[in-house]
């Protein structure tokens, strides 16, 4: 559930000099986090809002799980899609619990099920229900409001989540915590997430793949690793700041650069680190321990090896431009 | 005071007349103002002429306005009620349009994006959010209406104004004082009741901030 396909999608606003979104064709796989990245005015939010039909494309089609979304009732479609926006957009006259209950109520779930769902979701986003259920949005911090926003978007158990710069107005420390939260939730829930951002670091941290947009068109759609090491053109290269090697290492996950375990691998004396750690952590570990290779662990089991050469390779390619 | 105490029956009759006029006028005024405000909100270019026209109406002295209306509706409460309706329009329409425009667009977008229909967005989001602002308008309109109803006594409409005008004509200061006290008390009580209602319509501000 949650497979999304854009087929030659365009949108020209009446009076617009050029299309806001121009002939976008791409496929977002189920369970994938795709960050749409680009400068302001590049059409990233417009593209996102066509998925829940807040905007209607003037050309092309969008398919959700193979169904052309034009053929669905707009309200029915939207109830199946989680939607998180900047400033959270929480209903100020409703308590936290009432906010979370909006979509389940629209879907006419039985009351006990809604109540159970509220507690489940608040616990999931780490807001203890006993303390937060009956508060009003004005009584929450920005980060807490956005946690409620995420819980509310998840309430109807949608296969796909649209997130429109959800952490744009939140301070850096809280933003990092919320990004971690998204990654944690994603590992539990496996939603398809389409996430609009203009923050490169956020995109590199969260994305399985990044859709780089400029002037309404897709410039490059690839994994963070490939974008950094093989940017399609100078626009992508500059946008990602691909010339800052140490920063790059801090943003790339170990899993993207490691080699698979050789068949004759024996659990040696290599220092270990998690596949989610950054290459910067890896480099630091190699320099600190002087070990020739690191063993990469996933859930405690070795899954790969990483050497200084692997780290170098992940930076050299992009530098050759 | 002595008049109030000695003839509570007379004062009560006048008070009820006063309340009846105010109530009818406010009811009609609200029923008119809601569609006008919605129209002005939807059709933007109407805002300037409509608000301008209502604003001009508001500048006409109430006595003059009622005199204008007498040939149309007769020398009775109807003319006074029509004047009250016209006067309160500008207050009600303005509060409602300002209230609707003041709803955070992010909130409305969230409502739409979550799959609420037009009527669900209206009843579950817009109405509860605009209600406190609208009630503030109703409160001011009610005070204005009570004041105009007082002048209504001059036009054979009854009400507490009768005490004032009778008192002036017959040099009965006790009647004048009684009328003034009664009108003021009425205005204060209605104001208090509507203020409580406004407060009640705002659950998010009723509770203590948590930080």
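Name the residue, out of A:138, A:116, A:123, A:155, that is closer than 26 Å to residue A:6 by Cα and either in contact with a helix residue (DSSP H, G or I) (Cβ under 6 Å, 6 or more places away or on another chain) or more than 13 Å from chain B (Cβ to nearest Cβ) (or both).
Working: A:138 fails: closer than 26 Å to residue A:6 by Cα; A:116 fails: closer than 26 Å to residue A:6 by Cα; A:123 fails: closer than 26 Å to residue A:6 by Cα.
Just a single option satisfies the conditions, and that option is A:155.
Confirm whether residue B:91 is free of Cβ contacts under 8 Å to residues at least 60 places away in the same chain, more than 14 Å from chain A (Cβ to nearest Cβ), out of contact with any helix residue (DSSP H, G or I) (no Cβ under 7 Å at 6 or more places or on another chain) and under 23 Å from residue B:36 (Cα atoms). Steps first, please.
Working: free of Cβ contacts under 8 Å to residues at least 60 places away in the same chain: yes; more than 14 Å from chain A (Cβ to nearest Cβ): yes; out of contact with any helix residue (DSSP H, G or I) (no Cβ under 7 Å at 6 or more places or on another chain): no; under 23 Å from residue B:36 (Cα atoms): yes.
Against the criterion (free of Cβ contacts under 8 Å to residues at least 60 places away in the same chain, more than 14 Å from chain A (Cβ to nearest Cβ), out of contact with any helix residue (DSSP H, G or I) (no Cβ under 7 Å at 6 or more places or on another chain) and under 23 Å from residue B:36 (Cα atoms)), residue B:91 does not qualify.
Could you list, in sequence order, all residues of segment A:1-32 that are in contact (Cβ under 8 Å) with a residue 12 or more places away in the chain, in contact with a helix residue (DSSP H, G or I) (Cβ under 9 Å, 6 or more places away or on another chain) and farther than 14 Å from residue A:212 by Cα? Reasoning before the result, please.
Initial filter on segment A:1-32 (in contact (Cβ under 8 Å) with a residue 12 or more places away in the chain): A:1-12, A:18-32.
Narrowing the set further to residues that are in contact with a helix residue (DSSP H, G or I) (Cβ under 9 Å, 6 or more places away or on another chain) leaves A:4, A:6, A:9, A:11, A:20-21, A:24, A:31.
Across segment A:1-32, the qualifying residues are A:4, A:6, A:9, A:11, A:20, A:31.
Starting from residues that are more than 7 Å from chain A (Cβ to nearest Cβ) and assigned to a loop (DSSP other than H, G, I, E, B), keep the ones in segment B:103-125 and report whichever is farthest from residue A:88 (Cα to Cα).
Step by step, filter segment B:103-125, then rank; the result is B:103.
With the structure loaded, tell me whether residue B:158 is crowded, with 17+ Cβ neighbours inside 10 Å, farther than 30 Å from residue B:44 by Cα and out of contact with any strand residue (DSSP E or B) (no Cβ under 6 Å at 6 or more places or on another chain) or whether it fails that test. I'd like the intermediate steps shown before the answer.
Details: crowded, with 17+ Cβ neighbours inside 10 Å: yes; farther than 30 Å from residue B:44 by Cα: yes; out of contact with any strand residue (DSSP E or B) (no Cβ under 6 Å at 6 or more places or on another chain): yes.
Judged against the criteria, residue B:158 is a match.
Here are some conditions: (1) within 14 Å of another protein chain (Cβ to nearest Cβ); (2) more than 18 Å from the chain's Cα centre (by Cα); (3) modelled with pLDDT under 90; (4) assigned to a helix (DSSP H, G or I). Residue B:208 meets all but one. Which one does it not meet?
For residue B:208, the exception is condition (4).
Kindly provide the set of residues from segment A:218-234 that are outside any loop (DSSP other than H, G, I, E, B) and crowded, with 17+ Cβ neighbours inside 10 Å, ordered by number. Working first, answer last.
Looking only at segment A:218-234, we keep the residues that are outside any loop (DSSP other than H, G, I, E, B), and these are A:218-222, A:224-229, A:234.
Across segment A:218-234, the qualifying residues are A:218, A:219, A:220, A:221, A:222, A:224, A:225, A:226, A:227, A:228, A:229.
Can you tell me which residue in segment A:41-61 is farthest from residue A:31 (Cα to Cα), limited to those that are crowded, with 22+ Cβ neighbours inside 10 Å and touching a helix residue (DSSP H, G or I) at 6+ places or on another chain (Cβ under 7 Å)?
Ranking the qualifying residues of segment A:41-61, first place goes to A:57.
Can you name the number of the only condition in (1) out of contact with any strand residue (DSSP E or B) (no Cβ under 9 Å at 6 or more places or on another chain); (2) farther than 16 Å from residue A:156 by Cβ; (3) within 14 Å of chain B (Cβ to nearest Cβ) that residue A:104 fails?
Here residue A:104 clears every test but (2).
Table: residues versus (1) part of a loop (DSSP other than H, G, I, E, B); (2) at the interface with another protein chain (Cβ under 10 Å from one of its Cβ atoms).
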position: A:42; (1), (2): yes, no
position: A:45; (1), (2): no, no
position: A:55; (1), (2): yes, no
position: A:83; (1), (2): no, yes
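Tell me the helices (runs of 4 or more DSSP H) entirely within segment A:95-212 that contain at least 1 residues that are surrounded by fewer than 20 Cβ atoms within 10 Å (Cβ to Cβ) and within 24 Å of the chain's Cα centre (by Cα). Talk me through it step by step, then tell me what you get.
Details: elements: A:96-100, A:102-106, A:111-124, A:129-132, A:142-154, A:172-189, A:200-206.
Of the helices (runs of 4 or more DSSP H) lying wholly inside segment A:95-212, those with at least 1 residues that are surrounded by fewer than 20 Cβ atoms within 10 Å (Cβ to Cβ) and within 24 Å of the chain's Cα centre (by Cα) span A:111-124, A:142-154, A:172-189, A:200-206.
Determine if segment B:133-154 includes at least one residue that is in a helix (DSSP H, G or I), under 16 Å from residue A:90 (Cα atoms) and within 13 Å of another protein chain (Cβ to nearest Cβ).
No - not one qualifying residue is present in segment B:133-154.
Could you say which residue among A:200, A:212, A:196 is within 17 Å of residue A:240 (Cα to Cα), within 14 Å of another protein chain (Cβ to nearest Cβ) and in contact (Cβ under 8 Å) with a residue 24 or more places away in the chain?
Numbers: A:200 fails: within 14 Å of another protein chain (Cβ to nearest Cβ); A:212 fails: within 14 Å of another protein chain (Cβ to nearest Cβ).
Just one listed residue meets the conditions, A:196.
The values are calculated or read from the model by the stated rules, or taken from the named source; none is laboratory data. If you're wondering where the values come from, they're calculated on a predicted model, not measured in any experiment. Cβ: placed from backbone, ideal geometry, glycine included. Neighbour counts: every protein chain shown.
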